[in-house]
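Asker: This is the structure I want to talk about, given as structure tokens.
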Amino acid sequence: MLCTTSNGMNKQTHKLKLKQRRHKRVRAKVSGTADVPRVSVFRSNNRIYGQAIDDQNGSTLATQSDLSIPEKQIKEFKSELKGKGKIAFMAGQLLAEKIKAKKINKAVFDRGGFKYHGRIKAFAEGLRSSGIKV
């Protein structure tokens, strides 16, 4: 049996529509250049992905996901965060290192319609801790 909201729409469809609305609102305000790229984040249930994008040329400058972080490095990393938040923080730091290698110190953050808390916030804090102004 599907759970429905007060307007008769099922909850899953309603949540997706709210996310799409947030994403559209964010993308109307945020755009990246070669000097100040847009850092876009995607969060699935298990993974987090980030990329630095130059919207003027339509090119991706750097990418990072939690898939490329070795398990040993995750266990050795000391943080007050735990689990997926810790991994998101590390992914943000690794993306920041790739961006800094291209001599870029500032970026705009595109949360992709996700609410700014949890893993999305940890990813942004990872960028900031490595010296990228977001």
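Asker: How do the pairs read when you match residues in region 110-126 that are within 21 Å of Leu16 (Cβ to Cβ) and at pLDDT below 95 with residues anywhere that are assigned to a helix (DSSP H, G or I) and polar (S, T, N, Q), using Cβ under 8 Å and keeping only pairs 6 or more apart or on different chains?
Answerer: Note: pairs meeting the criteria are Gly113/Gln20.
Asker: Which one is modelled with the highest pLDDT among residues in region 75-101 that are closer than 29 Å to Arg25 by Cβ and of a type in the set (D, E, K, R)?
Answerer: The extreme case among them is Lys98.
Asker: Among the numbered criteria (1) open to solvent by less than 100 Å² (accessible area, probe 1.4 Å); (2) among the aromatic types (Phe, Trp, Tyr); (3) under 23 Å from Tyr116 (Cα atoms), which one does Phe42 miss?
Answerer: Condition (1) is where Phe42 drops out.
Asker: A further question follows. So, in region 19-37, exactly how many residues are of a type outside the set (Gly, Ala, Ser), open to solvent by 70 Å² or more (accessible area, probe 1.4 Å) and closer than 12 Å to Asn57 by Cα?
Answerer: Of the residues in region 19-37, 1 are of a type outside the set (Gly, Ala, Ser), open to solvent by 70 Å² or more (accessible area, probe 1.4 Å) and closer than 12 Å to Asn57 by Cα.
Asker: So which of Lys103, Lys82 is within 16 Å of Ser130 (Cβ to Cβ), open to solvent by 70 Å² or more (accessible area, probe 1.4 Å) and part of a loop (DSSP other than H, G, I, E, B)? I'd like the intermediate steps shown before the answer.
Answerer: Numbers: Lys82 fails: within 16 Å of Ser130 (Cβ to Cβ).
None of the others qualify; the one that does is Lys103.
Asker: Quick one: Glu97 ticks every box in (1) open to solvent by 30 Å² or more (accessible area, probe 1.4 Å); (2) closer than 25 Å to His23 by Cβ; (3) outside any loop (DSSP other than H, G, I, E, B); (4) not hydroxyl-bearing (Ser, Thr, Tyr) except a single one, so which number is it?
Answerer: The number of the failed condition is (2).
Asker: Can you tell me which residues in region 45-75 are farther than 15 Å from Phe89 by Cα, open to solvent by 70 Å² or more (accessible area, probe 1.4 Å) and not in a strand (DSSP E or B)? Steps first, please.
Answerer: The first filter runs over region 45-75 and keeps only residues farther than 15 Å from Phe89 by Cα, leaving 45, 52-62, 72.
Among the residues that remain, those that are also open to solvent by 70 Å² or more (accessible area, probe 1.4 Å) are: 45, 56-57, 60, 72.
Matches in region 45-75: Asn45, Gln56, Asn57, Lys72.
The values are calculated or read from the model by the stated rules, or taken from the named source; none is laboratory data. As the structure is a prediction and not an experimental result, all values here were calculated from the model. Using ideal geometry, Cβ is built from the backbone for each residue, glycine included, and neighbour counts are taken over all protein chains shown. The protein model used for the area step is the full one, side chains on, heavy atoms only, and it has no ligands, DNA or RNA in it. Shrake-Rupley method; radii C 1.70, N 1.55, O 1.52, S 1.80 Å.
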